[in-house]
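Written below as structure tokens is the structure these notes are about.
Please treat every number below as a calculation from the coordinates, not as lab data. The structure presented is a predicted model; accordingly, all values stated were derived computationally and were not measured. Using ideal geometry, Cβ is built from the backbone for each residue, glycine included, and neighbour counts are taken over all protein chains shown.
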């Protein structure tokens, strides 16, 4: 039996967090959630997820600052990070890419569009995290 990939969902919107969490569990991810970026950063170190899915506008520590913190730590810098971008701000997107986001997903459209984009992105993230794990084990 294949182990489920660990995913941490960081979102300050309780309704969206609940809907995404249920959908992600249906995709066979082992999901933990955090309501703000500060709690999310603690969870990254404790839970060691393969993927962090965070909203750019998460409270306390926004998604961009969370991403920068993840990338600045040796034990977490390889974690796959996907940012949900609530606005189509070129400046925010540029900051996210420069900070090392693996993917930025706009959530300005409908939920169906968001889930379709995430479905593809999470499949790619799962493959990348498996190959990173395999490479680390081979060393």
Original post:
At q = 0.14, 0.19, 0.22 Å⁻¹, what is the log10 ratio I(q)/I(0) for the chain, with the Debye formula run over Cα points and no solvent?
Top reply: -0.58, -1.12, -1.54
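Fewest first, what order do 105, 81 take by the number of other Cβ atoms within 10 Å?
Values: 105 18, 81 27.
Sorted ascending by nearby Cβ count, the order is 105, 81.
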**OP:** Only helical DSSP H runs with n ≥ 4 go in: add -39500 (n - 2.57) per run for the chain, normalise by residue count and round the 222 nm mean residue ellipticity to 500 deg cm²/dmol.
**Re:** -16500 deg cm²/dmol
